[in-house]
Amino acid sequence: MSRVLGSAPAPLLRRILLQGKYEALTMLRNGEQLILAIVLPLMALVGLTVTPLLDGLGGSRVDVAVPGILALCAMSTAFTGQGISTGFDRRYGVLRFLSTTPLGRTGLIAGKILAVLAVLLLQVLVVGAVAFILGWHPTTAGWAPALVLLVLGAAAFTALGLLVAGTVRPEATLAITNLLWILLGALGGIVIPAERLPGPARELVHFLPSGALGEALRDAFLAGTFNGGATLILLLWTAFAGAAAIRWFKWN
Amino acid sequence: MRSPDSPVLSITGLIKDVGPLASLDGKMLRVVSGVSLAAERGQVTALLGANGAGKTTTIECAQGLQRRSGGSVSLLGQDPDTAGAELRSRVGVMLQDGGLPPSARPIPLLKHIAGMYRHPWPVDELIERLGIDTFSRTTVRRLSGGQRQRLALAAALAGNPEVLFLDEPSAGLDPQSRQLVFQLISELRDAGMGIVLTTHLMDDAQRLADYVYIIDAGRNVAEGTVAQLLQRNISADSGQEHVRTLLFESRPGLDFTGVLPATVDVREARAGSYAVTGALTPEDLAALTAWWAAHGIMPGSMSLEARSLEDVFLDISGREIR
């Protein structure tokens, strides 16, 4: 065997793009993840459109429902989906192995964030298309703040997902992220606006990432306004969960 | 012999503490306490030791996967704790647990990993060389132990590294895979790769290693080429080389005191099963067989073996089970 040994890393951006693509395809090929990311949000959208649950909230049923469903999508992909896959990657040593390649730990995290954003974009396109068929009329001025908020929401939920995945066993990550998805999805102010929730929850959900994201997206798409308070709450969740994940994430 | 070139890996006085551990009342546990070693280009350097001796921790500190608590590590002239992608692109790692995603299929996975490098090893070549085409459509979770190890080795080689770390490379290998993997390791060594492997199997070290460090309880307790280690004397005063063991079976309770020189160790390991160990000479064998003839003894079986690395290892690290 005659060969010249030794290599050099591919450029940083290429490594991150490759990892993002690989992780996004892995997520989309996983049946359970696909149900969580696409099927359940679409079922919720249709459910909220055909039932009177959201009547009397200052817009048509579908107009009130869609922003919450998009927020739910961000939580599905960034928190539950990404948390579970990271938890199992950690168990199987995948994180350790990839961190020995030129990708490294930061490239790995960047690739995961990119994959979350790619899947989220796909969710927005699918949910948006179905919503338009159902008669969705978003405020045009709402798109710009909404997209910024979706990215910020994805950041907050990714940080929380990584915090869970990096600190407990993968089975526990599976249980925690699924349970929170259901709890926050139903009672976290994400799909059902705070004013329709029972007393104590009504005040609390404003401070949860779910409530803040749902509320801010509704303000954007229904009124075309930018909700600064909710944005600040999402930023704080991102900062604290991100710092905690950096501090406590265990790679093995 | 160690070459005069600067080593690809040099570790000096490595210390690694883990914890605090609840099982130790919140104290730290020192799992590596002063390992020093060097690995050269074009050589296989083996870290040999029992499970829990600190081999994996040592090489993970060298790979930058674990942060050392003390001592110094230089990998290709750089500190793995602070080095970046440039160093990682020149080093291949095969982890003990594989580290491959269970849902992945071999070829897309290898292509993905190769994409992280500017001058990767052509994936087709790796696939062919390691026989991966025979299971290319199977997901990692359904692979046999041997197939998984071969894929993990291919993944470690994807970047065409200068230094290759193999943590227990023969774990789970069937005889055919083992042959394939060992042959490839030898070729890579001859091509100039610096290979560092850990193993608890003497046979691996004996077959593959140019230089062996025996690690015990977090320290390196002996080192040398396999030949040098085999020539270590059982008793410090026998002063001779080429230790061999003559094993034979006969009736129990034979007493052949005085037949062989005092430097030769004679023991009845089990009733009727004898081991004669030492720097045996033709004269010793003649004396022993003459004594058998004089006493009408015909052994049921007999064999002459060079001293194995296992004996050296057990002499050094003790025979008790830990």
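Relative to the longest principal axis of the C-alpha atoms of chain A, give the angle of the C-alpha long axis of helix A:228-248, reported between 0 and 90° and rounded to the nearest 10°. That works out to roughly 30 degrees. Relative to the Cα centre, the charge distribution of segment A:160-224, modelled as +1 at Lys and Arg Cβ and -1 at Asp and Glu Cβ, gives a dipole magnitude of about 100 debye.
Over chain A, Cα pairs under 8 Å with separation of 6+ residues give a relative contact order of 27 percent. Between 0 and 90 degrees, the angle of helix A:209-218 with respect to the longest Cα principal axis of chain A falls at about 60 degrees. Would you mind classifying chain B by shape? Square roots of the alpha carbon gyration tensor eigenvalues, ordered a ≥ b ≥ c; an a/c under 1.5 is rounded, otherwise it is prolate if a/b is larger than b/c and oblate if not. In terms of gyration-tensor shape, prolate. For a straight C-alpha distance cut-off of 22 angstrom, the lysines reachable from B:Lys16 (same-chain residues fewer than eight places away being disregarded) are A:Lys250, B:Lys27, B:Lys55.
Applying both filters, DSSP loop and at most 13 other Cβ atoms within 10 Å, to the trypsin sites (Lys or Arg not before Pro) of segment A:162-252 gives A:Lys250. Taking the inverse of the mean 1/r over every pair of distinct Cα atoms in segment B:149-228 gives a Kirkwood hydrodynamic radius of 13.4 Å. Note on segment B:23-97 and segment B:120-141: Cα centroid distance 28 Å, given to the nearest whole angstrom.
Rounded, prolate or oblate, given the Cα gyration tensor of segment A:75-135, with a/c below 1.5 counting as rounded? Prolate shape, in that a/c is at least 1.5 and a/b is the bigger ratio.
According to the Cα-based calculation, Rg over Rh for chain A is 1.02, with Rh computed by the Kirkwood formula. Over the C-alpha trace of segment A:131-175, radius of gyration and Dmax come out as 16.4, 44 angstrom.
Around the Cα centre of the protein assembly as shown, unit charges on the Cβ atoms of Lys, Arg, Asp and Glu (plus for the first two, minus for the last two) sum to a dipole of about 1520 debye. Counting only Cα atoms, the size of the protein assembly as shown along its three principal axes is 113, 51, 42 Å, in decreasing order.
Between segment A:137-162 and segment B:276-310, the C-alpha centres lie 82 angstrom from each other.
Counting only GluC sites (Glu not before Pro) that DSSP places in a loop and that have at most 12 other Cβ atoms within 10 Å, the longest clean stretch of chain B runs over B:1-240. Note on chain B: antiparallel DSSP beta bridges, both residues inside, total approximately 65 percent of the bridges counted.
Each reported figure results from applying straightforward, stated rules to the coordinates on display, with no laboratory input. Computed from a prediction, not measured in an experiment: that's the story for all the values here. In this analysis, Cβ positions are derived from the backbone assuming ideal geometry, glycine residues included, and neighbour counts consider all displayed protein chains.
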